[in-house]
1. Where the centre of each part is set by its Cα atoms, how far does the range 160-237 sit from the range 263-285, in angstrom?
2. Just round it to a whole percent: the fraction of Cα-Cα distances in the range 1-125 exceeding 26 Å.
3. Going by how many other Cβ atoms sit within 10 Å of their own, how do Glu121, Glu333, Glu247 line up, fewest first?
4. Which length gain, in nm to one decimal place, applies between Glu320 and Glu35 when the Cα-Cα distance is subtracted from 0.36 nm times their residue separation?
5. Which GluC sites (Glu not before Pro) in the range 15-113 sit in a loop by DSSP (not H, G, I, E or B) and have at most 11 other Cβ atoms within 10 Å of their own Cβ?
6. Given Cβ point charges of +1 (Lys, Arg) and -1 (Asp, Glu) and nothing else, what value in debye, to the nearest 20, does the dipole of the chain about its Cα centre take?
7. Evaluate 2.2 N^0.38 Å with N set to the residue count of the chain, then give the Cα radius of gyration divided by it.
8. Using only alpha carbon pairs under 8 Å that are at least six residues apart, calculate the relative contact order of the chain and give it in whole percent.
Amino acid sequence: MTDVTTLDATAQAELVRRKEVSPLELVDAVIERIERLNPRLNAVITPRYDQARAAAAGPLPGGPFTGVPFLVKDLIAAQAGVRFTAGSSFLGDFAPDHDSELVRRLERAGLVILGRTNTPELGILPTTEPRRFGPTRNPWDPSRTAGGSSGGSAAAVAARLVAMAHGNDGGGSIRIPASCCGVFGLKPTRGRNPLGPDVGDVMDGLVAEHALTVSVRDSAALLDATSGPDLGDPYWAPPPARPFLQEVGAAPGRLRIAFTTVTATGVPVHADCLAAVNDAVALCRDLGHDVVEAAPPVDGDLVTPAFIGVWSAGCAWQVELLARATGRTPSPEDFEPLTWALREQGRQQDAPTYLLAVTALQRVSRAIARFFVDHDVWLTPTLGEPPVPLGTFDAPPDNPLFPLFRSAAFVPFTPLANITGQPAMSVPLHWSAEGLPIGAHFVGRFGDEATLFRLAAQLEAARPWSPRRPPLS
C-alpha cells in the first residue's frame, strides 16, 4: 500500500477500478501516511477520517477518480458540517451548512475527502504561516516556506500524503507553492471552475479554483470533472474544443514561446530562478519550439498600486462576508496585524478609487492580450526567489503591512495572469544546488488551457519530475 500511495491519482483510480485495491484500503493507507508525516509538515489542519472511511466503505459515484483520497484547502470551498477557518481565529469552529459547487463536483468525480489543508489568514500571503495553526513546512527543507496560499495542499502532494489536493489562486496561490514544493500547479482561465453558491466572483475575477497535482494528466482529468458554468454564474470561460485529458500526450506543434526574466516592477530575480528559466528555454528549444526573448509592455508603477487597491478592498470584503456568515463583529484582536491593516486600507478607499484600480488592471489585460497575437506561450520565472526561510514575512510591530510589500520581491510574475484571467502553470523542471525545487512559469492565451496541457505533458515526458521525492516524504 505504501507503493500505491506514491502513484498519481489516475493510477490509483485505475487500481480501484480493477479491484486490485479497495477505496477503504487506499483511504486507510493515506490516513496512516498523514498521521505519520503531518506532525512534521503541518499540512492538514482539519482531518475528517471517520467521514472519509464511511464514504470509502459505502457506494461511491462512478467518476474518473472513484475511491481516490483528496484534501481540500481551508479557503473558499465550503463543506457542510466541516470546520471552515480560512486560517483565521475569527471563525472559531464555524461550520457551513452547505457544500460549495466545486466540492459537489469533486465528490461526484468519486474523490474521498479526508480533510482540509493549512492556508495563511484569508489567503493573503504567499507563505502558509497563519498565527492560528502555525507554519506548513516545506518537505524539501522544513526550515523554509511551502509557499502560499495553497501551501498546505502543495506540501501534502509533494510529500505524497495525497496525489492531488485542492487549491485556489488570486495572485499565484496555486503556482507559488507548486514551485516551492516541486509539484505541478495550473491556474485555469477565469470562470473555468465555479466559485458558488456563496460568491460568483472574488476580487473582480482575480481568484480561480483548481488543484496541485503530482502529474499533468491528473490536473487535466480533474479539470474535466469540475469545470463548466454553474447556474447563475456572472461569466464563464470559453468551452474547450475537447476534454482536457485528450490534450495530454497530443502534439503541441511548433509553439512560439516568448520568455523574460525581467520583472515589470524592477525588482531583481535570484540567480537560481534565472537558471530555471534558462534551463526551460533550452529544453523548449530542444523540443522544437521557437523561443525568443520578449515581454508585453507592463507598467509596474501602474500595476502595483492598482493590484493592492483591489487586494485591500477584497480583504475588507472577505472580513465583512465572514462577519455576516457568523453573526460576529470583527475586532483587531480576532485577526493578524497584516489582515486588519489591509482591511482598514480597503475600507478607506472610496468607490471611484476602487473602480479606477479595476480600470488600470483591465488596461494591463488588454496590453498583455495583444502580446499573445504573436506568441502562443509566455515563459517567466514562477518566483523571484527560491523558497525563503520561514519567518521572512513576519510583520514588525510598527509596520503591519511589511509582509505585503516583502511579497513583491518573492512573487513579481504570477499576479499578472490573475489580472488578465489567463491560464498559467508552474512546472517543476529545475532544482537548485541546495536541492530546492524552482518552477518555470508558463502563461497561455485566455481560454487556452489546451496548449498548456500539451506543452506540460511534453515537458513532463522529457524531464520527469515525479520520481524526485523530498526528504520529508
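The numbers here are math on the coordinates, done by the rules we state, and not lab data. Just so we're clear, the structure is a prediction, and the values are computed from it rather than from any experiment. Cβ coordinates were reconstructed from backbone atoms using ideal geometry, including for glycine residues, and neighbour counts include every protein chain displayed.
1. 25 Å
2. Values: 1618 of 7750 pairs.
Tail of the P(r) past 26 Å holds 21 percent of the pairs.
3. Numbers: Glu121 26, Glu333 8, Glu247 23.
Taking fewest neighbouring Cβ atoms as first place, the list is Glu333, Glu247, Glu121.
4. Here the segment from Glu320 to Glu35 would lengthen by 99.1 nm.
5. Numbers: sites: Glu20, Glu25, Glu32, Glu35, Glu101, Glu107; in loops: Glu20.
Sites meeting the loop and neighbour criteria: Glu20.
6. Numbers: 41 positive and 50 negative charges, 134 e Å.
So the magnitude is around 640 debye.
7. Against the empirical 2.2 N^0.38 Å value, I get 0.89 for the chain.
8. On the way: 1097 pairs, mean separation 82.2, N = 473.
Averaging sequence separation for qualifying contacts and normalising by length gives 17 percent for the chain.
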